[in-house]
Amino acid sequence: MEKEFASGMVPSAEATTLKTKLASRFRRNGLTNGLISGITFGLYSAIVGVAELHNPLTLAVGLFAAPLVASAINDTMAFIWLILFNGAKGRLKEVGRSFCTFPGLMVILGGLIGGPIANGAYLVAIALAGAAAIPISALCPMFGVILSRIVLKQKISKRVGVGMIICVAGAVLISYVRPSGSTSNFTLGIICAFVAAIGWGLEGTLGAFGTSMLDSNIAITIREGVSGLGFIFVLLPIFAAFGLFTQCLSSGIVLGIIALSALAAAISYLTWYKANAMVGVAVGMSLNITYVLFGVLFSAILLHSAITTTVIIGAIIITLGAILVSMNPLDFFKKKEA
């Protein structure tokens, strides 16, 4: 009996090795998804900027019309991409069922804040301040920690505090030195980038509750749908941009470019939430934040944005600080425990 017990309870060396390999592969896949989320969000940021260089967006009157219209089309198309994805997976009924639940309402609230407010401010920031706005927006983990401290009463550790100071230092460096050739609205663009960071930080606080009870794929779909509707029926009328929106719907080139940006955004959200599930929210967020570096790179390539030494150094500083806020960097080198 003891022999049978032993053979039933003690795994063989081969089984242990296989389990270790599977765990290692699972972690690698999670890290890969997190990195993909950062790359695709950086690409999305640049592609939307390219769309704003084409008519009728270039003919927009006012500072906010073109970015807000681009955001409205982008989030609506991202919602369509996600609906197609979930439809292929047989999850459409689950989207409808989850919409009116309390966790679903938290996702909706987070989507309204993170979409029309934060994402709209983000694209306005890029339009006004160029690539310099991208690193500022990556302060969202810092604001997420601050808001979690206020709303959820979570304590701020010394590591997180140091990371926040590093983030602020990077933001000050970028904001202090204006790139040559920048417009007179550069400072307003930086302010909008801060609005985006605060909004995404609050969205993360609300979304953490919603996605703890809902499938992340469903939550993302709800979020993008609500965001698109918020842009179309709230912000566009407020800023008298609905006419520009309808004009863009008849522009094949603008729709085509934004369809690509929306696909990149949808992939970014999907892989980010997948990374969170596989390697944890802290590591997933840290990898997603690499969009700062990729966004600056793609903006330089596609938009010919002015990239100064201070922007590059500031982007690296904010990335390092955001990683420190999100997690202990040593966790990257630790194997995921069984």
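Observations on the structure shown:
- On inspection, residue 207 qualifies as touching a Lys or Arg at 6+ places or on another chain (Cβ under 8 Å), buried (at least 23 other Cβ atoms within 10 Å of the Cβ) and part of a helix (DSSP H, G or I).
- Enumeration of residues in region 231-273 that are surrounded by fewer than 18 Cβ atoms within 10 Å (Cβ to Cβ), of a type in the set (Val, Ile, Thr) and under 22 Å from residue 299 (Cα atoms): 253
- Among the residues of region 221-263, just one is among the aromatic types (Phe, Trp, Tyr) and within 20 Å of the chain's Cα centre (by Cα), namely 231.
- Single condition residue 218 does not satisfy, out of (1) more than 21 Å from the chain's Cα centre (by Cα); (2) among the hydrophobic types (A, V, I, L, M, F, W, C); (3) more than 26 Å from residue 136 (Cβ to Cβ): (1)
- A count restricted to region 225-269 and to residues that are under 29 Å from residue 35 (Cα atoms) and of a type in the set (Ser, Thr, Tyr) stands at 4.
- Lone unmet requirement of (1) surrounded by 12 or more Cβ atoms within 10 Å (Cβ to Cβ); (2) at pLDDT below 80; (3) assigned to a helix (DSSP H, G or I) for residue 39: (2)
- Residue count for region 288-338, restricted to those that are surrounded by fewer than 20 Cβ atoms within 10 Å (Cβ to Cβ), assigned to a loop (DSSP other than H, G, I, E, B) and modelled with pLDDT under 75: 8
- Residue within region 245-260 that is in contact with a Lys or Arg (Cβ under 7 Å, 6 or more places away or on another chain) and in a helix (DSSP H, G or I) present: no
The values are calculated or read from the model by the stated rules, or taken from the named source; none is laboratory data. All of these numbers come straight from a predicted model, not from anything done at the bench. For neighbour counting, all protein chains shown are included, and Cβ atoms are generated from backbone atoms with ideal geometry for every residue, glycine included.
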